[in-house]
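The values are calculated or read from the model by the stated rules, or taken from the named source; none is laboratory data. Small disclaimer: the values here were computed from a predicted structure and weren't measured. Here the Cβ positions follow ideal geometry from the backbone for every residue, glycine too, while neighbour counts run over all protein chains shown.
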Amino acid sequence: MIDLKRHKTFIPKMNEIQRKTYLIDAKDKILGRVAVQAAAIIRGKHKAIFTPHLMTGDQVVIINADKIRVTGKKMQDKIYNRYSGYPSGQRSMTLEQMLQKAPTKVLQLAIKRMISKGTLGARLRMQVKIYASDETPADLKHLIPLEVK
């Protein structure tokens, strides 16, 4: 018989969670690897106090989203679909077209699809700021640089 008083699961209080802000430079980095690392940091999986139902993660700022790389023939083969809800309302774009039109949207969609759906996921997705170039409105000096492997 297990003594339940001795074996308690640690659940951090909201005021105990300390948040940091990381900076990822996406220049010449692979799209999926940047998205995986950003999603893990936002979720808080890099911390020892990770709890699935709480926001234990940190914030991420990604710069140079327009200079992201992909492997293989994904520039022509990967297709983004959206649907307006009206008849003949389906629109498709390749990754190459999407990077020309909205380079931040590519990373935003990749990270969004790695995070759970629901209210917690919606709050977690607000912890990411993506910029197409080096020009950012935020002060980058207090951010912790993070190298993508």
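Can you name the residue in segment 101-119 that is among the hydroxyl-bearing types (Ser, Thr, Tyr) and surrounded by 11 or more Cβ atoms within 10 Å (Cβ to Cβ) and, of all such residues, is farthest from residue 52 (Cα to Cα)?
Ranking the candidates gives 104 first.
So which residues in segment 42-100 are assigned to a strand (DSSP E or B) and surrounded by 13 or more Cβ atoms within 10 Å (Cβ to Cβ)?
Matches in segment 42-100: 59, 60, 61, 62, 63, 69, 80, 93, 94.
Regarding segment 37-49, can at least one residue be identified that is touching a Gly at 6+ places or on another chain (Cβ under 7 Å), of a type outside the set (Val, Ile, Thr) and under 16 Å from residue 128 (Cβ atoms)?
Checked segment 37-49: at least one residue is touching a Gly at 6+ places or on another chain (Cβ under 7 Å), of a type outside the set (Val, Ile, Thr) and under 16 Å from residue 128 (Cβ atoms).
Would you mention how many residues in segment 130-149 are of a type in the set (Lys, Arg) and surrounded by 17 or more Cβ atoms within 10 Å (Cβ to Cβ)?
0
Mind checking which pairs have a first residue in segment 89-118 that is at positive phi and a second that is loosely packed, with under 15 Cβ neighbours inside 10 Å and small (Gly, Ala, Ser), Cβ under 9 Å, 6 or more apart or different chains?
Close Cβ pairs (under 9 Å, with a partner that is loosely packed, with under 15 Cβ neighbours inside 10 Å and small (Gly, Ala, Ser)) do not exist here.
Would you be able to say whether some residue in segment 17-28 is out of contact with any strand residue (DSSP E or B) (no Cβ under 7 Å at 6 or more places or on another chain), in contact (Cβ under 8 Å) with a residue 24 or more places away in the chain and either within 20 Å of residue 128 (Cβ to Cβ) or outside any loop (DSSP other than H, G, I, E, B) (or both)?
The answer is yes, given that some residue of segment 17-28 is out of contact with any strand residue (DSSP E or B) (no Cβ under 7 Å at 6 or more places or on another chain), in contact (Cβ under 8 Å) with a residue 24 or more places away in the chain and either within 20 Å of residue 128 (Cβ to Cβ) or outside any loop (DSSP other than H, G, I, E, B) (or both).
Matching residues to (1) of a type in the set (S, T, N, Q); (2) over 16 Å from residue 114 (Cβ atoms):
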position: 31; (1), (2): no, no
position: 34; (1), (2): no, no
position: 37; (1), (2): yes, no
position: 49; (1), (2): no, yes
position: 61; (1), (2): no, yes
position: 64; (1), (2): yes, yes
position: 77; (1), (2): no, yes
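Before we move on, is residue 111 modelled with pLDDT of 95 or more, touching a helix residue (DSSP H, G or I) at 6+ places or on another chain (Cβ under 8 Å) and among the aliphatic types (A, V, I, L, M)?
Spelling it out, residue 111 is indeed modelled with pLDDT of 95 or more, touching a helix residue (DSSP H, G or I) at 6+ places or on another chain (Cβ under 8 Å) and among the aliphatic types (A, V, I, L, M).
When you scan segment 31-53, how many residues do you find that are aliphatic (A, V, I, L, M) and either free of Cβ contacts under 8 Å to residues at least 60 places away in the same chain or touching an Asp or Glu at 6+ places or on another chain (Cβ under 8 Å) (or both)?
Total satisfying the criteria: 5.
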